[in-house]
1. Before we move on, is residue 105 modelled with pLDDT of 90 or more, assigned to a helix (DSSP H, G or I) and among the acidic types (Asp, Glu)?
2. Here's a check for you: in the range 68-96, which residue that is assigned to a loop (DSSP other than H, G, I, E, B) and of a type outside the set (A, V, I, L, M) is farthest from residue 113 (Cα to Cα)?
3. For the range 13-42, how many residues meet the condition of being assigned to a strand (DSSP E or B), within 15 Å of residue 79 (Cα to Cα), free of Cβ contacts under 8 Å to residues at least 60 places away in the same chain and not aromatic (Phe, Trp, Tyr)?
4. Scanning the range 104-114 for residues that are in contact (Cβ under 8 Å) with a residue 40 or more places away in the chain and of a type outside the set (Lys, Arg), which turns out farthest from residue 2 (Cα to Cα)?
5. Looking at the range 1-12 only, could you name the residues that are farther than 17 Å from residue 93 by Cβ, touching a residue at least 60 places away in the same chain (Cβ under 8 Å) and open to solvent by 60 Å² or more (accessible area, probe 1.4 Å)?
6. Output the residues belonging to the range 71-95 that are closer than 23 Å to residue 36 by Cβ, at pLDDT 95 or above, surrounded by 12 or more Cβ atoms within 10 Å (Cβ to Cβ) and not charged (D, E, K, R).
7. Using beta carbons and a limit of 8 Å, which pairs, at least six apart or on different chains, have the first residue in the range 89-103 and charged (D, E, K, R) and the second one part of a loop (DSSP other than H, G, I, E, B)?
Amino acid sequence: MKIAIPTNNAKKVSTHTALSKYIAVIEINNHKVVDRTLRSNPVLQMAKDSVGDRGSRGLGAGRIISELVSDVDVFIAKDIGSGMRRNLSASGIRVVDTDKQDIKEIIDEFLQEE
């Protein structure tokens, strides 16, 4: 199972999915973490480039991030827009809302479930 989580520092869940620096992708197999990677979020740079124009709105964040994580099974986030949620779900990715901040705590819960 692969889990994706928006983050700015690989330790905490980002408050705003579209503007997170990275998407952490954690692969779990046989109740163990077998791989961890950080994927740069291209939406963040697009938003910086359009400051004063339209911010993060209308950049296609839902489409871009769903393509960035098309190989994951679960996407866990604090704040996720309806368009991004719809795109992830349409790609077969389960979207899980969380109020937790600590990525390790979230992963530990998935290790127990898996």
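The values are calculated or read from the model by the stated rules, or taken from the named source; none is laboratory data. A quick note: this is a predicted structure, and the numbers were derived from the prediction, not measured. Methodologically, a virtual Cβ is constructed for each residue, glycine included, from the backbone with ideal geometry; neighbour enumeration extends over all protein chains shown. Each accessible area value is taken on the protein alone, full model and side chains, heavy atoms only, with ligands, DNA and RNA left out. Shrake-Rupley method; radii C 1.70, N 1.55, O 1.52, S 1.80 Å.
1. Working: modelled with pLDDT of 90 or more: yes; assigned to a helix (DSSP H, G or I): yes; among the acidic types (Asp, Glu): yes.
It is true that residue 105 is modelled with pLDDT of 90 or more, assigned to a helix (DSSP H, G or I) and among the acidic types (Asp, Glu).
2. Pass one, the range 68-96, residues assigned to a loop (DSSP other than H, G, I, E, B): 69-73, 78-81, 91-93.
Filter once more, keeping what is of a type outside the set (A, V, I, L, M): 70-71, 73, 78-79, 81, 91-92.
Working: 70: 22, 71: 20, 73: 14, 78: 20, 79: 23, 81: 27, 91: 23, 92: 19 Å.
Per the stated criteria, the residue is 81.
3. Our first condition is that a residue be assigned to a strand (DSSP E or B); within the range 13-42, this holds for 13, 22-29, 32-40.
From the residues that got through so far, the ones that are within 15 Å of residue 79 (Cα to Cα) too are 13, 22-23.
Right, trim to free of Cβ contacts under 8 Å to residues at least 60 places away in the same chain and you get 22-23.
From the residues that got through so far, the ones that are not aromatic (Phe, Trp, Tyr) too are 23.
The number of residues fulfilling the criteria is 1.
4. Going through the range 104-114, the residues in contact (Cβ under 8 Å) with a residue 40 or more places away in the chain turn out to be 104, 106-107, 110-112, 114.
Within this subset, residues satisfying the condition of being of a type outside the set (Lys, Arg) are 106-107, 110-112, 114.
Working: 106: 13, 107: 11, 110: 10, 111: 11, 112: 14, 114: 11 Å.
Going through the qualifying residues, I end up with 112.
5. 11, 12
6. Within the range 71-95, 72, 74, 75, 76, 77, 88, 93, 95 qualify.
7. Close Cβ pairs (under 8 Å, with a partner that is part of a loop (DSSP other than H, G, I, E, B)) amount to 94/73; 97/78; 97/80; 99/78; 102/11.
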